[in-house]
Each structure stands twice: as structure tokens, then as C-alpha cells.
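Let me begin by presenting the structure, written as C-alpha cells, before commenting on it.
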Amino acid sequence: MATEKELSDFLKSVEKRAWKRAVYAVRDEDAALDIVQDTMIRLAEKYPDRPAAELPLLFQRILSNATMDWFRRQKVKNQVVRNFSEYEGSGDDSEFDILETLEALGGPLQSESAAESVSRAQILQTIEAEVALLPARQREAFLLRYWEELDVAETAASMGCSEGSVKTHCSRAVHALAKALKAKGITS
Amino acid sequence: MKLDDRTYRDAARAASEARFARAVAACLSESADRLSPDVAERLRFGREKALELARSSRGEAVGVTASGAAIAGFGRSPWWLRFASVLPLVALVGGLVMIQNWQTRTQISVAAEIDEALLGDDLPINAYRDPGFAEFLKAPPSE
């Protein structure tokens, strides 16, 4: 069973990322705060006796459910269905060779010469905007896998899909992001 | 040979994707660390509320377990705890007995006062005209 300190430390470590993820999904900062608070309360109320090691997966699952509940409450089910129908992506990824872009990359994300005047904050804002524009399942897979640092199996369990689907979603998300960021003069 | 090339290309591609994804994730973390104080405060409030709920639900769970064990007669609670749980029942029974006793004494006391008032008062003159009373006076004392 996780101690109170373990639970507190865990919530502290995930709350900011959880809020950002909720913002990407619902595009409303106040609603995202409500979703994260609801998630933390559900976790603390229903699973206070779970071991600390189980908290990350439980939290991600509850956060996904809380986000879906928000969409249901907002009566935008049609929009959710439309977003989910975009899982497979536009199918034009093959036209864009990520290796071509990535081979030229060496260090951390930086602006190209044409965008050198763009501030760091603006770059981050652009990246966030592009992440938010990803199809819902691609974004979820990408964030769980690379931001929350879950492995493929854990991501699949959290999303309720196969490991193969997770790999596909992640790959498509990476290609879409690389293409969109390169178009805006940002490379990594 | 072709297979090796393909495997190598796939691995390189996967590594490039992972490197790019981690760079993006690092930027997202950097952005998340730049939250406004208002948002950070509201997140802290939510966290503390959740921890409070966790504390209370853990307490309830412990309470339910302890009372369940006591009712079922299980558990190894100390003697004074068992004695303390019986104490209210003993106090209730004792109180009821005392109330009953006090009520009986009050009734006896009221009856005695009435008898005393009757016996101590003057006998009305009409009482001697009552045949029953005359018979009572003529009859020898029973003791």
C-alpha cells in the first residue's frame, strides 16, 4: 500500500503533465484543471490501498476516463467519434521521409536560421500546438510512451489496445510532428 | 544481405523516431515547468483535497475493519478496550434500575401521605349512621 507521502510525491510529479495533456485534449484550461483534480480525487478515493508501483498506470487510465467523461458531459460525442476516426491518420506519411529531416539533426530542438528570431517560449508554444493538433489516439500514445515514459506494453494497457497499435500510433505521431514542425522552421 | 539492410534501416528509423520523440517530450516538460502560479496553486489545492480524501477513506476502512472484528468477536483488542465498549451498556441498565426504584418509592410515599391524612382527620358524624361502619365498630379486632 502506498504511503501518504508516496501518493503525495506521485501526484506532485504527474500533475503538471496531466494538466497539459488534458489541455491538449479538451483545449480549455479550466476544464483541464477540473479533469486533473477529478482524476486525483478518484485515484485517492478509490485506490488508496494500492501499492505505489501501480499508481502511474491507474492514474493514466483514470485521466483518460475523466477526459472522456468531460466530452460526454459536453455533449460533443460526435466530435469525439470524428477525432477517433482519425486514428489511422491521413495516410500521406509515406510522402515525408523523417530520416531525411532527422539525419540533419544533432542536438536539442532549435530554430532554423529563418526562425532564429523566434523566442524559446514561442517555439515551445508551437510544439504544444502541433501536439494538440494530433489525432486523439496518436497524441495519447505519443504522450504516454515518450512523455510519461511508459513502455509499449504499459501504454497498450493504459489505452486498451494492442502493442502493435501503440507502435503504429507513435510512429505516425512522430512523422506528423516532424513534418509540421519542419514546415514551421523548427527541427530537432 | 537484403534482409540485414532492411533490418538495419528499420532499427535506424526507430532510433531516429525515438530520438525525435524524446526531444519533443523534453520541450513539453520544459513548457509544463513554466505553468502560471495560478494553475500551479489550483493543482496544489486539488492534490491536497485528494490526499485528504485518501486519508479519510483509509481511516474509514480501518474503522470498519475494527468494528467488524469487535462485533464478530475476532481480533485481539486489549481488555480495557473491551471493558470500555461494555461500559455504556452497564451504565444504561444501572440507570433504568435506579429510575424504577425511585418511581416505586415515590408511589409508596404518596399512598402513605393519603393514609395518614385520612386517619389523622376528624371522623364525620354521618359515618356513625352508616350500618357498615357500625358493624365494623362492633366486630372484635382481628389481631
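Accessible area, 1.4 Å probe, largest first: how do B:31, B:85 sort?
B:85, B:31
Could you give each residue of the stretch B:8-17 its phi-based ³J(HN,Hα) in whole Hz, using Karplus coefficients 6.51, -1.76, 1.60 with θ = phi - 60°, and x for Gly or Pro?
4, 5, 5, 5, 5, 5, 4, 5, 5, 4
Given a 1.4 Å probe and heavy atoms of the protein chains only, how would you sort A:24, A:146, B:8, A:47, largest accessible area at the top?
Descending accessible area places them as B:8, A:47, A:146, A:24.
Just checking the output field for A:165-178: average partner chain Cβ neighbours within 10 Å of each residue's Cβ?
Counting other chains' Cβ atoms within 10 Å and averaging over A:165-178 gives 2.
Any chance you could tell me what percent of the C-alpha pair distances in the stretch B:78-143 go past 20 Å?
Of the Cα pairs, 65 percent sit more than 20 Å apart.
So, in Å, what gap is there between the alpha-carbon centers of the stretch A:20-66 and the stretch B:34-55?
One Cα centre to the other: 12 Å.
If you count only protein heavy atoms and use a 1.4 Å probe, how large is the accessible surface of residue A:149, to the nearest 10 Å²?
Accessible surface of residue A:149 is approximately 140 Å².
Quick check for you: which residues of the stretch A:1-23 have the amide N under 12 Å from the point 7 Å beyond the Cα of residue A:132 toward its beta carbon?
Counting only backbone N, you get A:20-23.
Could you list which residues have their amide H under 5 Å from that of residue A:50, counting only those 5 or more apart in sequence or on another chain, with H placed in the peptide plane?
Excluding prolines and chain starts, which carry no amide H, the hits are A:2.
Go ahead and run the numbers for FRET between residue B:89 and residue A:122, Cβ-Cβ distance against an R0 of 51 Å, rounding to 0.05.
The formula returns an efficiency of 0.10 here.
Starting from the Cα of residue B:58, step 7 Å along the direction of its Cβ; do the same at residue A:53; then give the gap between the two resulting points in nm.
Here the answer is 2.0 nm between the modelled labels.
Could you state the accessible area per residue of the stretch B:78-143 in Å², with a 1.4 Å probe and every protein chain left in place? Working shown, then result.
Numbers: 6490 Å² over 66 residues.
Solvent-accessible surface per residue comes out at 98 Å².
With a 1.4 Å probe, what is the total accessible area buried between chains A and B, in Å² rounded to the nearest 100?
Approximately 3800 Å², summed over both chains.
Which order do you get for A:70, B:80, A:19 if you rank them by accessible area with a 1.4 Å probe, largest at the top?
Values: A:70 35, B:80 140, A:19 10 Å².
Ranked list, largest accessible area first: B:80, A:70, A:19.
Expressed as a whole percentage, what fraction of the accessible surface of the stretch A:115-168 belongs to carbon and sulfur atoms when a 1.4 Å probe is rolled over the protein heavy atoms?
Summing carbon and sulfur atoms, their accessible area is 46 percent of the total for the stretch A:115-168.
The values are calculated or read from the model by the stated rules, or taken from the named source; none is laboratory data. Quantities reported herein were computed from a predicted structural model and do not represent experimental measurements. When we count neighbours, we look across all protein chains shown, and the Cβ atoms used for this are built from the backbone with ideal geometry, even at glycine. Note: areas computed on protein heavy atoms with side chains; ligands, DNA, RNA excluded. Shrake-Rupley method; radii C 1.70, N 1.55, O 1.52, S 1.80 Å.
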